[in-house]
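The values are calculated or read from the model by the stated rules, or taken from the named source; none is laboratory data. Since we're looking at a predicted model, the values are computed, not measured. Here the Cβ positions follow ideal geometry from the backbone for every residue, glycine too, while neighbour counts run over all protein chains shown.
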Amino acid sequence: MHSSMNASTGSSHGPLPTVGFIGLGNMGSGMTKNLQATGYPLVVTDLRRESAEGLLAGGARWADSPREVAASSDLVITMLPTPKHVAAVAAGADGIVAGLPDGGTWIDMSTSVPEVLDGIRRTEEHRGLHLLDAPVSGMSVGAANGMLQIFVGGDAVDVARLRPVFEAMGDPERILHVGGHGAGYAVKLMINQLWFSHLVATAEVLSVGVAAGVDLGVLRDALVASPANSTFVSRDVLSILDHGDYDEGFAIALACKDLGLSVDLARSVGMPVELSSLVEQIFRRARARFGDLAGEMTPVRLYEEMLGRDLRREAGEHAAEVAA
């Protein structure tokens, strides 16, 4: 089974490879459903077997350990919350590394840091393993719709070989080979950091403007029409302004984890990041105030509390924008 994966990811001339998938949470559940819909046979495991029920009904196989996933698959994908989780499923007698055949392939799609895979490359160098980092953007909606943006770090030959697998989960136009090993992790952390900074800056600006007497909808429209516009202002903030949705699909505890990783990365390369460090502290304050499971956009609620009102557009403004 494994030898076919070294040459191809499958085509009309042969069967698609079996994909082992570890981590069936908000992101992994959508990613695996799209892999299955594309025709990839799946071997899956998770802390919660019930999270795999739909996949098992569709023909996926359950594995009792990461080792069994790796030993039963042509390639392994992990989608896990933190670097510690990635390290945990990699190591030990029941871990991925023990189950991978020589020359095997593992793609970590978690938002993580290079240390885990770098350590495995060093200790298992003689085995010819193909290890790639390929974190994603697009939130759980993008995962469910198969429209994730994927940032791949690794050897160009591996990226090309695995592109059909990535295309089953992501937008083909936004699957980017961003560099060598670790580059995918770094790019994803920088994207997260900038998005979180946009969130805090937007919350400040909207709150100050409203406190100064400007209509919220008018202020937001002015920002969209200005050089200060961003994807967050033009699109993402509308989930709050129109629906009061702070994106509970991605917990603020995980956002704080990502922010911590990005600040750690800056420290490791000797770059001072005063603004990013402040944004991290604002997120941690929101986490302490509203709890680990609050949505990733919950820091906006800190500003709403200080303002004394929720930041909401009138229903008519929402309808007019949709119509336009």
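Does any residue of the stretch 206-222 turn out to be in contact (Cβ under 8 Å) with a residue 24 or more places away in the chain and under 30 Å from S112 (Cβ atoms)? Outline the logic, then answer.
Step one: list which residues in the stretch 206-222 are in contact (Cβ under 8 Å) with a residue 24 or more places away in the chain, which gives 206-207, 210-211, 216-217, 220.
With under 30 Å from S112 (Cβ atoms) added as a condition, the list becomes none.
There is no residue in the stretch 206-222 that is in contact (Cβ under 8 Å) with a residue 24 or more places away in the chain and under 30 Å from S112 (Cβ atoms).
Checking the condition assigned to a loop (DSSP other than H, G, I, E, B) and in the same structural domain as A37 (by TED's automatic domain parsing), which residue from A98, A168, A93, A160 passes?
On the way: A98 fails: assigned to a loop (DSSP other than H, G, I, E, B); A168 fails: assigned to a loop (DSSP other than H, G, I, E, B); A160 fails: assigned to a loop (DSSP other than H, G, I, E, B).
Just one listed residue meets the conditions, A93.
Any residue at all in the stretch 273-283 that is assigned to a loop (DSSP other than H, G, I, E, B) and at pLDDT 95 or above? So that I can check it myself, show each step before the final result.
From the stretch 273-283, those assigned to a loop (DSSP other than H, G, I, E, B) are 273; that's our starting set.
With the extra rule that they be at pLDDT 95 or above, the set shrinks to 273.
Yes: one or more hits.
Can you tell me which residues in the stretch 239-252 are buried (at least 17 other Cβ atoms within 10 Å of the Cβ) and modelled with pLDDT of 95 or more?
I240, L241, D242, Y246, I252
Inspect all residues belonging to the stretch 166-180 and state whether any of them is over 30 Å from A222 (Cβ atoms) and touching a Ser or Thr at 6+ places or on another chain (Cβ under 7 Å).
Just the residues of the stretch 166-180 that are over 30 Å from A222 (Cβ atoms), to begin with: 166-173, 175-180.
Keeping just the survivors that are touching a Ser or Thr at 6+ places or on another chain (Cβ under 7 Å) gives 168.
Yes, the stretch 166-180 contains at least one residue that is over 30 Å from A222 (Cβ atoms) and touching a Ser or Thr at 6+ places or on another chain (Cβ under 7 Å).
Give me the residue from the stretch 206-220 that is surrounded by 15 or more Cβ atoms within 10 Å (Cβ to Cβ) and not basic (K, R) and, out of that set, nearest to N192 (Cα to Cα). If you could, list the steps in order and put the result at the bottom.
Filtering the stretch 206-220 for residues surrounded by 15 or more Cβ atoms within 10 Å (Cβ to Cβ) gives 206-207, 209-210, 216-217, 219-220.
Still in the list and also not basic (K, R): 206-207, 209-210, 216-217, 219.
On the way: L206: 21, S207: 23, G209: 26, V210: 27, L216: 26, G217: 26, L219: 25 Å.
Applying the filter and picking the extreme gives L206.
Quick one: R67 ticks every box in (1) touching a strand residue (DSSP E or B) at 6+ places or on another chain (Cβ under 8 Å); (2) surrounded by 20 or more Cβ atoms within 10 Å (Cβ to Cβ); (3) not in a strand (DSSP E or B) bar one, so which box is it?
It fails just one condition, (1).
With L189, L194, L176 as the choices, which residue is within 15 Å of the chain's Cα centre (by Cα) and free of Cβ contacts under 8 Å to residues at least 12 places away in the same chain? Can you show your working first?
Values: L189 fails: free of Cβ contacts under 8 Å to residues at least 12 places away in the same chain; L176 fails: free of Cβ contacts under 8 Å to residues at least 12 places away in the same chain.
Just one listed residue meets the conditions, L194.
Across the stretch 114-126, which residue is farthest from I22 (Cα to Cα) among those that are modelled with pLDDT of 95 or more and surrounded by 15 or more Cβ atoms within 10 Å (Cβ to Cβ)?
E124
Under 9 Å between Cβ atoms, at least 6 apart or on separate chains: pull out the pairs that start in the stretch 277-298 with a residue that is in the same structural domain as C256 (by TED's automatic domain parsing) and end on any residue that is exposed (fewer than 14 other Cβ atoms within 10 Å of the Cβ) and not β-branched (V, I, T).
Here the result reads R289/E305; G295/D245; M297/D245; T298/G291, each pair linking the stretch 277-298 to a residue that is exposed (fewer than 14 other Cβ atoms within 10 Å of the Cβ) and not β-branched (V, I, T).
Is there any pair linking a residue in the stretch 123-147 that is more than 20 Å from V178 (Cβ to Cβ) to one that is loosely packed, with under 14 Cβ neighbours inside 10 Å, with Cβ under 6 Å and at least six apart or on different chains, and which?
Every condition considered, the pairs that remain are R127/D102; G128/D102; G128/G103.
Looking at A286, A225, which is the one that is surrounded by 13 or more Cβ atoms within 10 Å (Cβ to Cβ) and either of a type in the set (S, T, Y) or modelled with pLDDT of 95 or more (or both)? Give the derivation first.
Values: A225 fails: surrounded by 13 or more Cβ atoms within 10 Å (Cβ to Cβ).
Answer to the check: A286.
Here's a check for you: in the stretch 50-64, which residue that is in a loop (DSSP other than H, G, I, E, B) and among the hydrophobic types (A, V, I, L, M, F, W, C) is farthest from A98 (Cα to Cα)? Give the steps one after another, and end with the answer.
We begin by selecting, within the stretch 50-64, every residue in a loop (DSSP other than H, G, I, E, B); these are 58-60, 63-64.
Adding the requirement that they be among the hydrophobic types (A, V, I, L, M, F, W, C) leaves 60, 63.
On the way: A60: 22, A63: 14 Å.
Going through the qualifying residues, I end up with A60.
In the stretch 86-113, how many are surrounded by fewer than 21 Cβ atoms within 10 Å (Cβ to Cβ) and either among the basic types (K, R) or in contact (Cβ under 8 Å) with a residue 60 or more places away in the chain (or both)?
Selection size over the stretch 86-113: 2.
Between V273, V300, V233, which is of a type outside the set (S, T, Y), surrounded by 14 or more Cβ atoms within 10 Å (Cβ to Cβ), over 19 Å from A203 (Cβ atoms) and more than 20 Å from the chain's Cα centre (by Cα)?
Values: V300 fails: over 19 Å from A203 (Cβ atoms); V233 fails: over 19 Å from A203 (Cβ atoms).
So the residue among V273, V300, V233 that is of a type outside the set (S, T, Y), surrounded by 14 or more Cβ atoms within 10 Å (Cβ to Cβ), over 19 Å from A203 (Cβ atoms) and more than 20 Å from the chain's Cα centre (by Cα) is V273.
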